[in-house]
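The values are calculated or read from the model by the stated rules, or taken from the named source; none is laboratory data. Note that the structure is a prediction, hence the values are computed from the model and not measured. Neighbour counts are summed over all protein chains in view; Cβ atoms, including those assigned to glycine, are modelled from backbone coordinates with ideal geometry.
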Ligand SMILES: Cc1ncc(COP(=O)(O)O)c(C=O)c1O
């Protein structure tokens, strides 16, 4: 059967696709925006979404923006990141964690992860500070919905008096020692991109416990308009603010965030149970210091290789199932080939390169039925039994 034929006969299973509430909360908020003609730019949904996100996460202040990337950009700008500044950034992440460092003309230095959390290795970070004691900020990432180890990371950043921008794009609703992710650094960032645990189709939020920060970011995100009776600009501005219609989707989605986390956890546990007898497969580890939101369920193969993972992804695609490689580390990306990378140990082996070459993100879509989970499980088991090497 050709790939095309398969896709006609079997329903596609997605990695993580938008999932609106059964109650249609999102539509009601959008309808209100239409009925009150608050289509653009701001309005009750934007204020409501910011306040409700603060309530959920325990953050004091929030600014709704067009994307998580925009939030990282303005967050770095607020931290004073400028031309030729050094910024440490987790290497095992999506490019949006690092690109805004370039927007500011600064220099990202990539930090390896560890096997226990797949997040920034405190040991590697410590090494990085010894090599670059003048670094200006650290961009941490909570990969695939699991928090980095903030107590250990903050001990180091405090010693060097350097702020943390916490990229919590993938981890809304996850906790670290009982505290919500996004609130663990000096500035936190969430994404509501289409594949995230909740989505606004596209959008982001910057959170902070300082209204000085959020006020300034709000100002920049609406073209830096000074308080004059006419348009007056004294600083460069951005068109980064979220619209009232989009924020309505976010308000609706926030109401079912806990439900989504429960389903994501169910998916992770299904795979864990299903693969427990397959020696070759290890699940992404769950660190005992927190509760992930289980955004994506990932596996790593003991005897995996990039070629083998490619074959598995292709075979899943043939069965109309979307799977992905683990994010390719930033220090391996051609665009960052000139940027330094600090590994976790003295042997210069890289944890993030290893996880990338042997790892896979499995479908973790909250609309998946048990039958669909079993379909994925059966195909993965079948592939491994057939020995794809
Ligand atoms: C780790 C990480 N950081 C940042 C972003 C950027 O978010 P956005 O797509 O909303 O710009 C994403 C997702 O897209 C992400 O996965």
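Points worth noting:
- Selection from segment 116-139 of residues that are touching a helix residue (DSSP H, G or I) at 6+ places or on another chain (Cβ under 6 Å) and outside any helix (DSSP H, G or I): 118, 119, 138, 139
- Restricting attention to segment 331-361, the residues that are in contact with a strand residue (DSSP E or B) (Cβ under 9 Å, 6 or more places away or on another chain) and assigned to a helix (DSSP H, G or I) total 10.
- Within segment 54-68, the set of residues being within 17 Å of the chain's Cα centre (by Cα) and crowded, with 24+ Cβ neighbours inside 10 Å comprises 64, 65, 68.
- Qualifying residue in segment 247-266 (condition: farther than 20 Å from residue 169 by Cα and within 16 Å of the ligand (Cβ to nearest atom)): no
- Residue in segment 154-162 that is within 15 Å of the ligand (Cβ to nearest atom), outside the structural domain of residue 340 (by TED's automatic domain parsing) and not in a loop (DSSP other than H, G, I, E, B) present: no
- Number of residues in segment 244-264 that are without any contact (Cβ under 8 Å) to a residue 40 or more places away in the chain and not in a helix (DSSP H, G or I): the value is 0.
- Comparison of 193, 244 shows that the only residue that is crowded, with 19+ Cβ neighbours inside 10 Å and at pLDDT below 95 is 244.
- All positions within segment 109-140 that are surrounded by fewer than 24 Cβ atoms within 10 Å (Cβ to Cβ) and under 23 Å from the mean Cα position of the chain (by Cα): 109, 114, 115, 116, 117, 122, 123, 136
- Residue within segment 280-287 that is touching a helix residue (DSSP H, G or I) at 6+ places or on another chain (Cβ under 6 Å) and within 30 Å of residue 88 (Cβ to Cβ) present: yes
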